[in-house]
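Below: the structure, in structure tokens.
The values are calculated or read from the model by the stated rules, or taken from the named source; none is laboratory data. Quantities reported herein were computed from a predicted structural model and do not represent experimental measurements. Note that we place each Cβ from the backbone using ideal geometry, even for glycine, and neighbour counts take in every protein chain shown. Surface accessibility is based on the protein's heavy atoms, side chains included, excluding ligands, DNA and RNA. Shrake-Rupley method; radii C 1.70, N 1.55, O 1.52, S 1.80 Å.
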Amino acid sequence: MARLPFLSRLSPASACLAMLCLSAPAPARSLAEIVRTHELRACIVAFHPAAATAAPPACRENCHFSGPVYDEVQTFSRYLGKAIRLRTLRVEWDEQFFNQHDQTDREASYTPKLLADGSCDVFPNRLTKNAWRLKKMDFVTLFSSRLMVVAHASQQGKLLSADQLAGRRAAVLKNSTYYTWLLEQNVSRYRANPVRLQLMSVEDSLRAVDDGQVDFTLLDSDIAIWSTRHQFKHAYVAFPVGGKDEIGWGMRKEDKDLQAAVADFFAQQRKSEHSDLNRIWTRYYGLSLNKLIILVNSTE
């Protein structure tokens, strides 16, 4: 068997596990199964052009994806080896957390259905690691971020701090980190005057802000930078809220070998400003992944 290019970069234990499992039957989609079948299965959420888009609009399989999330996971498939083919499935945001009954149970511990049944090996959709999601999967961090308040342009110079969000109208994606943060604040900081929440897609949330239908939305730093730069002219990034978040890819908890391969891929890519990932980020955002990490770390 030819030596796989990523194995030399894994820890000895992870490399040994991957090689031993190649000849064993795999009931689920581990790294060994990915290598055996020459196929990496990525489930992609086309939730915003700053991450991914899919065509035709109603596609599920055989979608034509574009955007940085797709480019990143395509680059990772090549990193695993020339024989590895990327297979994609379009999913909705909440499907990443569905149990066997197609429901998201935030309090329960389980492997999401799409990972458990082998439909997906990885969710590369810029997932934020948090407590309720860790009950369902493990994460490999691509970058650290902070939530950014994106507000209507009329609020520039007026909306200056998180305390001023109390009582305002916000549009956010259900079961997103944005939604979770606001729920937490509504029972603590904003208890006397909660933020009024409307649940809608990321795209519709931004459009609602741009049209003045709501006062603000929350976004991760990468999407906020892209959206206010390229797409919406009456919205601006006001200020960050909350602490740093770890954002990356989600995988089954059992797949330690796959997690190790993804972590090594990220580490290798961050070593050079001219790496494939840094070039992808520069093309879409106007700054490299390395420079975004520096920017987030400089705004404590």
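If you go through region 274-288 and keep only what is open to solvent by 70 Å² or more (accessible area, probe 1.4 Å) and either among the acidic types (Asp, Glu) or not assigned by the TED database to the domain that holds Val140 (or both), you end up with nothing. Do we find that Asp204 is more than 18 Å from Gln155 (Cβ to Cβ), acidic (Asp, Glu) and either at pLDDT below 90 or not assigned by the TED database to the domain that holds Val150 (or both) in this structure? Here the answer is no, as Asp204 does not meet what is asked. Here region 70-97 is the region considered, the condition is being assigned to a loop (DSSP other than H, G, I, E, B) and within 23 Å of Leu206 (Cβ to Cβ), and the residue that is least open to solvent (accessible area, probe 1.4 Å) is Val91. Would you confirm, using the coordinates I've provided, whether Phe232 is under 23 Å from Gly157 (Cα atoms) and either in contact with a Phe, Trp or Tyr (Cβ under 7 Å, 6 or more places away or on another chain) or assigned to a strand (DSSP E or B) (or both)? Taking the combined requirement at face value, the residue does not satisfy it. Of the candidates Ala208, Ala171, the single residue that is assigned to a helix (DSSP H, G or I), among the small types (Gly, Ala, Ser) and open to solvent by less than 20 Å² (accessible area, probe 1.4 Å) is Ala208.
Remark: Glu254 matches the filter, which requires a residue to be outside any helix (DSSP H, G or I), among the acidic types (Asp, Glu) and over 23 Å from Tyr70 (Cβ atoms). The set of residues in region 120-152 being touching a Phe, Trp or Tyr at 6+ places or on another chain (Cβ under 8 Å), closer than 17 Å to Ala263 by Cα, open to solvent by 10 Å² or more (accessible area, probe 1.4 Å) and part of a strand (DSSP E or B) consists of Phe139, Val140, Thr141. Considering region 234-256, and only residues there that are more than 15 Å from the chain's Cα centre (by Cα) and hydrophobic (A, V, I, L, M, F, W, C), the residue that is surrounded by the most Cβ atoms within 10 Å (Cβ to Cβ) turns out to be Ala235. Here Gln259, Gln231, Gln268 are screened, and the one residue that is in contact with a helix residue (DSSP H, G or I) (Cβ under 8 Å, 6 or more places away or on another chain), open to solvent by 10 Å² or more (accessible area, probe 1.4 Å), outside the structural domain of Leu160 (by the TED database) and of a type in the set (S, T, N, Q) is Gln268.
Among the criteria (1) buried (at least 22 other Cβ atoms within 10 Å of the Cβ); (2) among the hydrophobic types (A, V, I, L, M, F, W, C); (3) in a helix (DSSP H, G or I), the one Leu183 does not fulfil is (1).
Yes/no per residue for (1) under 15 Å from the mean Cα position of the chain (by Cα); (2) open to solvent by less than 40 Å² (accessible area, probe 1.4 Å):
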{"site": "Glu39", "(1), (2)": "no, yes"}
{"site": "His64", "(1), (2)": "no, no"}
{"site": "Pro68", "(1), (2)": "yes, yes"}
{"site": "Ser109", "(1), (2)": "no, no"}
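Thr111 passes every criterion in (1) polar (S, T, N, Q); (2) in the same structural domain as Ser77 (by the TED database); (3) farther than 23 Å from Glu184 by Cβ; (4) modelled with pLDDT under 95 apart from (4).
If you check Ala170, Ala166, Ala208, Ala162 for being in contact (Cβ under 8 Å) with a residue 12 or more places away in the chain, farther than 20 Å from Ala235 by Cβ and of a type in the set (A, V, I, L, M), only one passes: Ala166.
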